[in-house]
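No lab work stands behind these numbers, since they all come straight from the coordinates. All of these numbers come straight from a predicted model, not from anything done at the bench. Virtual Cβ from ideal backbone geometry, glycine too; neighbours counted across all protein chains shown.
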Amino acid sequence: MATAPRWTHARSARDIGRFVQQARKRRGTSQAALADELGLTRQYVSEVESGVGNLYVTRLFEIFDELGIDVRLAERDAHDRD
């Protein structure tokens, strides 16, 4: 069985959200625990993972698209996280 890639090209808030969710789950962390670690609400983490965009994120990806910029998300090794 193939494992999921630990990187992706992001073209939208939804792509970022999916990647964040997969990384969080691989880490074995709940939304609530991640939110607590970062001083955020669980609702906010849920919105990020759901790809809820805001004007800033939407415009940012429009700029990337117009300028031909690719965004690549990649998980760092555990020892590189600190």
Among (1) -0.56, -1.14, -1.18; (2) -0.45, -1.03, -1.09; (3) -0.47, -1.14, -1.19, the entry derived from the coordinates for log10 I(q)/I(0) by the Debye sum over Cα atoms at q = 0.13, 0.22, 0.23 Å⁻¹:
(3)
Relative contact order [Cα under 8 Å, 6+ residues apart], the chain, whole percent:
45 percent
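For the peptides 60-69, 29-38, 14-23, what is the packing order when you average, over each peptide's residues, the other Cβ atoms within 10 Å and list the highest mean first?
14-23, 29-38, 60-69
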